């Protein structure tokens, strides 16, 4: 069985991924690994990051399971989000990495790093990017 890693950044991103990922996983007979990577922080910021990550993971996992998709989930903390996703993809032997793009502006991308570019640049695993305004199915 093939495995698709879906990296989600927020509950909003998770909700946007439900339909295309449910459709793709069923067509490919693949299981889905839902991953959220937060930057390590302290105090209330850490708690909020963890809560947002868990909400994103839980939302996508539950919605995909309702569609009959086998789902695993993983919450990670790392200063290098792209590297954490890539390491997980290799360790879990995924055949596709899916990333939902957000509406972050250039300044926000500079602060957070450009995860999509880093993923594409540093892996031989195919990467599928879902645009933020895309509502179709795959």
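Since every read-out is calculated from the coordinates, none of them should be taken as a lab result. All values reported here derive from a predicted model rather than from experimental measurement.
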Margin query: As an exercise, take the mean of 1/r over every pair of distinct alpha carbons in segment 32-85, invert it, and state the Kirkwood radius in angstroms.
Written below: 11.7
Checklist line | Equivalent ellipsoid semi-axes - Cα gyration tensor, segment 7-130, angstrom | finding: 22, 17, 13
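For residue 129 and residue 41 in the same chain, what is the full-extension length gain: residue separation times 0.36 nm, less their Cα-Cα distance, in nm?
Full-extension gain reported as 29.0 nm.
Which percentage, to the nearest 5, of the DSSP beta bridges contained in segment 7-130 is antiparallel?
Numbers: 0 of 13 bridges.
Antiparallel bridges make up about 0 percent of those DSSP assigns within segment 7-130.
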